[in-house]
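What follows is a set of notes on a single structure, which appears directly below.
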Amino acid sequence: MLRQSNFKLLKSQIYNSSRRTFALKTFNASVTMENNHSMAKLSDVSLDIKQPLEMMMGVLGSCEIHTIQFHAGKNKINLDKVEIKIKAEYDVDYFLGIKQGRNTYSYIDIEVDVHSKENDKKKLGEIIEKAMQTCPVASTIRLAGIKMNEKINYL
């Protein structure tokens with residue numbers, strides 16, 4: 001017969017093991033260029049990719065919003081609206097080989113407008129800050145060494 005402490009340990013090990021197994025996600029994409037037209041197939045969705053550098057900023061904003069929504073919901077914070085404006089600079093001369101250096105964005109500015117009637121502004125601020133730090137796309141960009149400037153407005 002298992003003692004209660006052994007049972008808790010076993011339960012914890014099973015939970016942590018299954019959590020690792022089910023928490024991993026694999027993403028697949030197939031991108032084709034034909035007749036100067038790029039098309040990406042992501043799972044069951046197809047996207048026409050005409051401006052990949054701009055689209056990356058859209059993906060960043062969408063990921064930030066989804067991460068904010070997740071953390072707000074988890075902490076029972078009601079958000080009325082979240083708007084994200086992104087400005088990024090990219091020097092095409094690096095791509096063209098005219099300049100030598102890092103072929104990436106020079107910087108990315110993110111301005112987030114959070115509309116909420118939440119009375120506990122400190123809690124709201126902590127949750128939004130955490131969400132901004134845990135967004136997977138933003139984390140990937142930061143790890144690439146791209147300077148990201150973030151401004152959050154609470155409205």
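The values are calculated or read from the model by the stated rules, or taken from the named source; none is laboratory data. Note that the structure is a prediction, hence the values are computed from the model and not measured. Don't worry about glycine lacking a Cβ; one is built from the backbone with ideal geometry, like all the others, and counts go over all protein chains shown.
Is it true that Gln69 is surrounded by 14 or more Cβ atoms within 10 Å (Cβ to Cβ) and in the same structural domain as Tyr154 (by TED's automatic domain parsing)? Judged against the criteria, Gln69 is a match.
Considered as a group, the residues in segment 102-155 that are of a type in the set (Lys, Arg) and part of a strand (DSSP E or B) include one that is surrounded by the most Cβ atoms within 10 Å (Cβ to Cβ), and that residue is Lys147. Please indicate, with yes or no, whether at least one residue in segment 8-24 is among the aliphatic types (A, V, I, L, M), modelled with pLDDT of 80 or more and either closer than 30 Å to Asp109 by Cβ or part of a loop (DSSP other than H, G, I, E, B) (or both). So far as segment 8-24 goes, no, none of its residues is among the aliphatic types (A, V, I, L, M), modelled with pLDDT of 80 or more and either closer than 30 Å to Asp109 by Cβ or part of a loop (DSSP other than H, G, I, E, B) (or both).
Against the test of being surrounded by 13 or more Cβ atoms within 10 Å (Cβ to Cβ), in the same structural domain as Lys122 (by TED's automatic domain parsing) and out of contact with any Gly (no Cβ under 9 Å at 6 or more places or on another chain), the options Val82, Val92 yield a single qualifying residue, Val82. Is it the case that some residue within segment 61-72 is in contact with a Pro (Cβ under 7 Å, 6 or more places away or on another chain) and either under 18 Å from Thr134 (Cα atoms) or not hydrophobic (A, V, I, L, M, F, W, C) (or both)? Yes, segment 61-72 contains at least one residue that is in contact with a Pro (Cβ under 7 Å, 6 or more places away or on another chain) and either under 18 Å from Thr134 (Cα atoms) or not hydrophobic (A, V, I, L, M, F, W, C) (or both). Of all the numbered requirements in (1) aliphatic (A, V, I, L, M); (2) over 20 Å from the mean Cα position of the chain (by Cα); (3) closer than 30 Å to Gly145 by Cβ, Leu42 misses one, and that requirement is (2).
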